[in-house]
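The values are calculated or read from the model by the stated rules, or taken from the named source; none is laboratory data. Given the structure is predicted, the values throughout are model-derived calculations rather than measurements. Please note: Cβ atoms are built from the backbone with ideal geometry, for glycine as well, and neighbour counts cover all protein chains shown. Surface accessibility is based on the protein's heavy atoms, side chains included, excluding ligands, DNA and RNA. Shrake-Rupley method; radii C 1.70, N 1.55, O 1.52, S 1.80 Å.
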Amino acid sequence: VDINILKIINDTQGHNSGDDAIIKTGEIIKKVLGEYTEDIYRTGGDEFFAFFLDKNNDVNVLVEKINSIANETKVGDIPLSISVGYIKSRDYIEKNIYDLINIAENNMYKAKDDFYKSSDFKKRYDRQL
């Protein structure tokens, strides 16, 4: 999971709001995935990883729930937006953990790229800066 537009939040509302976005993102992930795992990690400035056993094959539902809650959450006057990438390790049995992380991260960057291509959000705020 990676926060979209964190730079815009920091630049328009200050770094305390950026920190708030990071905290809120972590809380959302924990709220949705908490019953599945305690293995939720902040791995970078605004990047999170979670490892869990998808017992009911409902990872798509969980991703939609994370995105839905994020979209309903505001940081100041800006809606929180995140990009989620994931994989199911059973689809990549021959891969090691580092390969799995890399594939999931690439999927997250694709989701992030799709967000920026389909949204004029960044363009609107770039004009204000």
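Output the qualifying pairs, or none if there are none: Cβ atoms under 9 angstrom, residues six or more apart or on different chains, first residue in the stretch 112-129 and more than 16 Å from Asn71 (Cβ to Cβ) and of a type in the set (Asp, Glu), second residue modelled with pLDDT of 70 or more and open to solvent by less than 80 Å² (accessible area, probe 1.4 Å).
Close Cβ pairs satisfying both conditions: Asp113/Ser83; Asp126/Ile8.
Given the condition touching a residue at least 24 places away in the same chain (Cβ under 8 Å), more than 15 Å from Leu80 (Cα to Cα) and of a type in the set (Asp, Glu), answer yes or no: does some residue in the stretch 46-61 qualify?
Yes.
Show the residue pairs that are 6+ apart or on different chains and have beta-carbon atoms under 7 Å apart, the first residue being within the stretch 62-88 and at positive phi and open to solvent by 40 Å² or more (accessible area, probe 1.4 Å), the second being outside any strand (DSSP E or B) and not hydrophobic (A, V, I, L, M, F, W, C).
Gly76/Gln13; Gly76/Ser17
Here's the yes/no breakdown for (1) at pLDDT 90 or above; (2) in contact with a strand residue (DSSP E or B) (Cβ under 6 Å, 6 or more places away or on another chain):
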position	(1), (2)
Lys24	yes, no
Glu35	no, no
Lys74	yes, no
Leu80	yes, no
Ser83	yes, yes
Asn96	yes, no
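Quick one: is Gly45 open to solvent by 30 Å² or more (accessible area, probe 1.4 Å), modelled with pLDDT under 90 and either among the hydroxyl-bearing types (Ser, Thr, Tyr) or under 14 Å from the mean Cα position of the chain (by Cα) (or both)?
yes
What is the number of the single condition among (1) assigned to a loop (DSSP other than H, G, I, E, B); (2) over 15 Å from the mean Cα position of the chain (by Cα); (3) not polar (S, T, N, Q) that Tyr86 does not meet?
Evaluating Tyr86 over (1) assigned to a loop (DSSP other than H, G, I, E, B); (2) over 15 Å from the mean Cα position of the chain (by Cα); (3) not polar (S, T, N, Q) leaves (2) as the failure.
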